[in-house]
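Below is one structure; the comments refer to it alone.
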Amino acid sequence: MKAFGLFAACLALQGCASVGVEPWQRDVLARPEMSLDTNPVDAAIDDHIYFSKEASSGGRGFGGGGCGCN
Amino acid sequence: MSDDNNVSATLAAATCALLGASAAAPVMAEEAERWSFDTALLYYGESDDRVQDVSATIGAQRAFEDERLLNLTLTADTLTGASASGAIATDTPQTFTSPSGRAVYTTPAGKAPLDDTFLDTRFALNVGWSQPLARLYTLSAGLGFSTEYDYTHLGANVSLARDFNKRNTTVTAGLAYSEDDIDPVGGAPLPLSQMLDVGDQSNKRTSDSKDVIDVLLGVTQVLSRNTLLRVNYSYSQSSGYLNDPYKILSVVDGVTGDAILRTPAPGVLGPTGVYLYEGRPDSRAKHSLYAEMKHAFGAPVLYGSYRFMTDDWGIDSNTTEVRLRWPVGDTSYVEPQLRYYMQSQADFYHPSLVQGAALPAYASADFRLGEFDAVTLGLKFGHRTMGGNEWSARVEYYQQSGTIDRDQLIGNQFAREQVPDLKAVIAQFGYRFGL
Amino acid sequence: MSETPPQSASITLGREAGHWVGRFMAMASPCEVLIEEAPAALARQIVDVAAGCAWRIERKFSRYRSDSVVHMIGSNAGRAVVLDEESAALIDFAATLTKMSEGRFDITSGVLRKAWTFDGGSVVPTQEQVDALMTRVGWHKVQWRKPVLQLQPGMQIDLGGIGKEYAVDLAAARIEEISPGSSCLVNFGGDVAVRYPRRDGQPWRVGIEATARAGAAVHVVHLSRGGLATSGDSRRFVLHQGRRYSHIIDALTGWPVPDAPHSITVAADTCTQAGTLTTLAMLRGRESESFLRASGAKYWIQG
């Protein structure tokens, strides 16, 4: 699984040079709701709830935690 | 032109000659508000009087020159209610010693035992800083601290991002370390030691600790004018005391599956069955692969994410989440949210332990280490005010449905519901504003 | 002044976040006009007027079009040409900038682009190549007696450094004529003009594009009145012997300006003034900040 992940990442980086937009085509990406961290508070709340109820955590960022709830 | 003071005047005159006098009004511009706040009030409530949580979060962000950014987040929450202890339901009432070791509580016949002494107030503070380092690099660092009556967390993280390909690609690498101290009510029980009578603390240590190292590697890629993809690989290594000090397992008869009865010592209160405190391995390594995508279909924005996690406890999980942000009128939006989660059970998950059989090296009956699916259905509504602030309301319904492998059930246990569904309602109100 | 009929098909008009947004392409940039509180017909008219301005200026002053005034002047180099009033005013304005920059800014320096390709690489022309082109550069070699312009043979002019900001101000002025007092924001490829705050008294919020990065928040400026322009080279630069040269060429040396900031944004009374200040500041290289500070303008620099 890990090997596959690294392989996929290499492929992605190779392909990156041809993928993307010019600076003047960033109109849509510049909209606040297109930011990947649109709602940091929502994300933190969700992470905290799922951390305390499920065996998995993190992924989006660092593993969450810092709580005696699990 | 050596006299810079004349630049503005000369330029103004030249512009006036070019455009005419019509545009001659002084500029009114300033940088956007420097402090912005993101606040939320949250209610989380499980059905059947289980865990209830009320929390308040204030996030503050201060932008400085040159894209330097300070983030502060303060959270306070209060948990009340009971959570499943891990002991099985039986046809007779069961009595347990409470975690403090100073009292007992009784669970009625046929009910899943809950530890109802659960009450906790938690404060958490996170501080983050991010700034460009060289032209294409961004450095971020953070510190986190949280405290509960039985738990203290201290963490630090640092990450470096580099942009490539006209800033269409960002590669991030990060490292986090945390050290947590656990000081449970009544002490931390020795793993797989038996629950003792009131007053007998011989199997408890005062406190314990664990540390966690996280490594994160990520790539963010602009796929098109309206599509953005992020892929993260993360590795997390925990070591130390990884038990939940309040979780126990029932010891049962190998044929009937019923709890083995026990009589407390004369004149003292104590458990009426044989219960062992759980014992998890003292290390855990997790690998996660996470991908998320945002795509704008005109005004609506679709978000999708998928996470695969696997660890050396034998747990694999798959998580999928989809949200669709749909504008309503010019200043509002609705956002339906759907999340599906499924995990396999840990190698050492046992709903109960059989009397007389060899004691496994590790065992836990914590439902969170068992096999289950979870669905979250949610709806968020947001509205931007005339002043440019935004309030939002979000309601979610969360349901877990556990499955116990039939090989792990014994005798009468088949007839009883061992893992009741966990149902919870989440309501959140948020307000964002700038100063 | 006759305006090109709007090519309405390539204009989109819609409502977003409480106001009208008209979008079209002009001068190789995405252009938009935001309009508050207007009936649909008026909003349409306003966007048509703005697009008309942009397209007309593009057609008239583009160096890529064979029917442009700029092309006409270049192809008649060596002969005297009589310019229309608007072209003459722009040439006059450019001449002032040349004087203000002591010759660093020069509309005849466009021919140097033959030698310099700004693609982030490290290929630089030889000094001989630059010297050869420099014989065709220099405003002092031009005869300009408004409205008569005479270039020397082989010379060209390029108004690219002024045209877009000029078009923004012109569009804002035309909108004011057809709909006085209406609250609009004109944005041609990051060069912005605003005449009035928004209806609720709040300023317009303008993100500085040059700092935009996928997935990250942008720098936001509040603009109630005036112009905003950005000159950036986040991708257009040359590396030579360990130094970074910006895409702006110093017409005195024929070389790009070394050690200039990556991006400069200026707010001024008009978009033309703002754009001019960013260009003049870029030409100062590492002294750009002290130049901007002395000018008294509001500015944002990314080093």
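Here are a few things to note about the model shown:
- Where A:Ala3 falls short, out of the listed (1) at pLDDT below 70; (2) over 30 Å from C:Cys31 (Cα atoms); (3) facing another protein chain (nearest Cβ under 7 Å): (3)
- Of the strands (runs of 3 or more DSSP E) lying entirely inside region C:91-201, the ones with 2 or more residues being farther than 21 Å from C:Arg63 by Cβ and in contact (Cβ under 8 Å) with a residue 40 or more places away in the chain are found at C:184-188, C:191-194.
- Being of a type in the set (Phe, Trp, Tyr) and not in a loop (DSSP other than H, G, I, E, B) is a property that holds for B:Tyr235.
- Looking only at region B:289-340, and only at residues there that are more than 11 Å from chain A (Cβ to nearest Cβ) and outside any strand (DSSP E or B), the one that is modelled with the lowest pLDDT: B:Asp330
- Scan region C:28-60 for residues that are charged (D, E, K, R) and more than 16 Å from C:Thr12 (Cβ to Cβ) and the total you get is 6.
- Selection from region C:267-293 of residues that are surrounded by 23 or more Cβ atoms within 10 Å (Cβ to Cβ), more than 7 Å from chain B (Cβ to nearest Cβ) and over 18 Å from C:Gly160 (Cβ atoms): C:Ser288, C:Leu292
- Among (1) facing chain A (nearest Cβ under 10 Å); (2) buried (at least 20 other Cβ atoms within 10 Å of the Cβ); (3) aromatic (Phe, Trp, Tyr) - the single one B:Tyr275 does not satisfy: (1)
- Counted residues, region B:121-145 - those being of a type in the set (Ser, Thr, Tyr) and away from chain A (no Cβ under 12 Å): 2
- When region B:167-204 is filtered for residues that are modelled with pLDDT under 90, facing another protein chain (nearest Cβ under 10 Å) and surrounded by fewer than 16 Cβ atoms within 10 Å (Cβ to Cβ), nothing remains.
- Only a single item in (1) over 22 Å from the mean Cα position of the chain (by Cα); (2) closer than 30 Å to B:Tyr333 by Cβ is not met by C:Ile11, and it is number (1).
- Check on B:Arg406, away from every other protein chain (no Cβ under 12 Å), of a type in the set (Lys, Arg) and loosely packed, with under 14 Cβ neighbours inside 10 Å: yes
- Residue check, B:Gln400 under 18 Å from B:Ala89 (Cβ atoms) and in a strand (DSSP E or B): yes
- Unique residue being within 9 Å of another protein chain (Cβ to nearest Cβ), modelled with pLDDT of 85 or more and within 29 Å of C:Arg113 (Cα to Cα) when the list is C:Leu223, C:Leu252, C:Leu228: C:Leu228
- Subset of region B:70-93 [acidic (Asp, Glu) and either surrounded by 20 or more Cβ atoms within 10 Å (Cβ to Cβ) or within 13 Å of chain A (Cβ to nearest Cβ) (or both)]: B:Asp77
- Test: residue in region C:118-127 that is within 20 Å of C:Met282 (Cα to Cα), in contact with a His (Cβ under 6 Å, 6 or more places away or on another chain) and either aromatic (Phe, Trp, Tyr) or buried (at least 20 other Cβ atoms within 10 Å of the Cβ) (or both): yes
- Among the residues of region B:51-69, those identified as under 23 Å from the mean Cα position of the chain (by Cα) and crowded, with 16+ Cβ neighbours inside 10 Å are B:Val51, B:Gln52, B:Asp53, B:Ser55, B:Thr57, B:Gly59, B:Gln61.
- The residues in region C:22-38 that are closer than 29 Å to B:Tyr333 by Cα and at pLDDT below 90 can be counted, and the count is 4.
- Checked against the criterion of being surrounded by 19 or more Cβ atoms within 10 Å (Cβ to Cβ), among the small types (Gly, Ala, Ser) and more than 14 Å from every other protein chain (Cβ to nearest Cβ), the candidates C:Ser62, C:Ser75 yield just one match: C:Ser62.
- Some residue of region C:44-52 being within 20 Å of C:Val148 (Cα to Cα), modelled with pLDDT of 90 or more and either touching a Phe, Trp or Tyr at 6+ places or on another chain (Cβ under 6 Å) or of a type outside the set (A, V, I, L, M, F, W, C) (or both): no
The values are calculated or read from the model by the stated rules, or taken from the named source; none is laboratory data. In this text the structure is predicted, and so the values were computed from the model without any measurement. Here Cβ is always computed from backbone atoms with ideal geometry, including for glycine, and neighbour counts include all displayed protein chains.
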